[in-house]
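A.B. asks: Submitted below is the structure of interest, expressed as structure tokens.
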């Protein structure tokens, strides 16, 4: 089962690696640079348009009922993670420009697809996972840029949110998202019927932004600025970050007295960060030449969270309720 779960994401993993290699060897040059910038901007807008079209208003209403789980998950995503990020980047570890990327990944919303998939495998509350992940992504459109402005002033060329950046956020993130959501009554059934096809559009937009971002970074000397040792340290810090958050969410769930099914939701929705949201947001929030550096730690964390959470999901599925301090429930 674990291999099957990881296998669902393997094509994307291979595509990410291939895109980074392509951008490193054949970045866009000359007249193709503004063309690729235009395609990347269109990809970001399309990505958030689809996010808005997928978000169900029924899920929003339903999610309000399980407020304790959602508040705990959001607090983990947008408070606990950033605190860890600030603590990690405050220590002089020789990360250079990757330190900004490590902090940025802690400011992002949770994933949607993998959070729901892992919750289902772990026999958690799938409906609550859908709501919690959707809330996180919706709030992330507003909260992540605000956190970047507050916590990353001067990092990676980011000096707070300027008028131009604010305009980009509105045009490339908010307008497409709300346009997609407002059109959901018209296109919602089409989106539901063609999920697999639209997932290729979704992932294609991400890969396009990654190619453009890494190409710009390579032109600015990306691989001369990042050492193998710095990448190794980032990978170890990502492992430590995920471990701390998983331990914290489990402890938080037990303190709050959450049922086992809801504790699973808190762990899987609270512990992950969204590559699908993070890549286009970085493309809007940071200068083009810095985006490749900023999203590199996110790409490392993304792979680690999939592997670790796949293992935990299967282990949780085999655990009894007593493991979580609950009395065993009689079978009907």
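Rule-based calculations on the coordinates, nothing more; no lab input. Not measured: the values here are computed from a predicted model. Positions of Cβ are backbone-derived with ideal geometry, glycine not excepted, and every protein chain shown enters the neighbour counts.
A.B. asks: For a footprinting-style exposure proxy, rank 121, 291, 264 by other Cβ within 10 Å, fewest first. Don't skip to the end; give the middle numbers.
C.D. replies: Details: 121 21, 291 29, 264 32.
Fewest-to-most ranking of 121, 291, 264: 121, 291, 264.
A.B. asks: Just to be sure I understand, if you calculate Rg and Dmax of the Cα atoms in Å for this structure, which of (1) 20.0, 72; (2) 19.3, 56; (3) 19.5, 69 do you get?
C.D. replies: Given (1) 20.0, 72; (2) 19.3, 56; (3) 19.5, 69, the calculated one carries the label (3).
A.B. asks: Ok, one more. Across the Cα atoms of the stretch 215-267, what radius of gyration and what greatest pairwise Cα-Cα distance (Dmax) are found, in Å?
C.D. replies: Values for the stretch 215-267 (Cα only, Rg and Dmax): 18.3, 52 Å.
A.B. asks: Taking the stretch 182-332 as the region of interest, what is the percent of Cα-Cα pairs per 5 angstrom bin, listed from the shortest bin to the one with the maximum distance?
C.D. replies: 2, 8, 13, 14, 14, 14, 13, 11, 8, 3, 1, 1, 0
A.B. asks: Right, something else. Sum -39500 (n - 2.57) across every DSSP H segment of at least 4 residues in the chain, then divide by the residue count to get the 222 nm mean residue ellipticity, nearest 500. Intermediate values should be presented prior to the final figure.
C.D. replies: Values: 17 runs with 250 residues, N = 332.
When only DSSP H runs of four or more count, the value is -24500 deg cm²/dmol.
A.B. asks: Something else: List 261, 220, 167 from most exposed to least, where exposure is judged by having the fewest other Cβ atoms within 10 Å.
C.D. replies: Working: 261 20, 220 16, 167 11.
Least to most surrounded, the residues fall as 167, 220, 261.
A.B. asks: Still on this structure, I have one more. Just to confirm the number: angle between the C-alpha axis of helix 288-317 and the first principal axis of the chain, 0 to 90 degrees, nearest 10?
C.D. replies: 20
A.B. asks: Ok, one more. Contact order normalised by length for the chain, with contacts defined as Cα pairs under 8 Å and 6 or more residues apart; what percent is it? Numbers along the way, then the final one.
C.D. replies: Working: 448 pairs, mean separation 112.3, N = 332.
Relative contact order for the chain comes out at 34 percent.
A.B. asks: On a 0 to 90 degree scale, rounded to 10, what angle separates helix 184-193 from the longest Cα axis of the chain?
C.D. replies: The two axes meet at around 80 degrees.
A.B. asks: Neighbouring Cβ atoms within 10 Å as the yardstick, rank 153, 134 fewest first.
C.D. replies: 153, 134
A.B. asks: Separate question: For helix 228-255, report the angle its Cα long axis makes with the longest principal axis of the Cα atoms of the chain; keep it between 0 and 90° and round to the nearest 10°.
C.D. replies: Once rounded, one gets 30 degrees.
A.B. asks: Expressed in nm to one decimal, what extension gain is obtained for the pair residue 90 and residue 219 from 0.36 nm per residue of sequence separation less their Cα-Cα distance? Don't skip to the end; give the middle numbers.
C.D. replies: Working: separation 129, 0.36 × 129 = 46.44 nm, distance 2.88 nm.
So the chain would gain 43.6 nm between residue 90 and residue 219.
A.B. asks: Tell me, in nm to one decimal, what length is gained between residue 239 and residue 201 on full extension, where the rule is 0.36 nm per residue of separation less the Cα-Cα distance? Write down the numbers at each step before the final one.
C.D. replies: Working: separation 38, 0.36 × 38 = 13.68 nm, distance 3.02 nm.
Difference between extended and current length: 10.7 nm.
A.B. asks: Here is a follow-up. Hey, can you rank 279-287, 174-182, 304-312, 203-211 by average C-beta count inside 10 Å, highest first? Don't jump to the answer; show the numbers that get you there.
C.D. replies: On the way: 279-287: 24.7, 174-182: 17.2, 304-312: 19.6, 203-211: 21.7.
Order by mean packing, descending: 279-287, 203-211, 304-312, 174-182.
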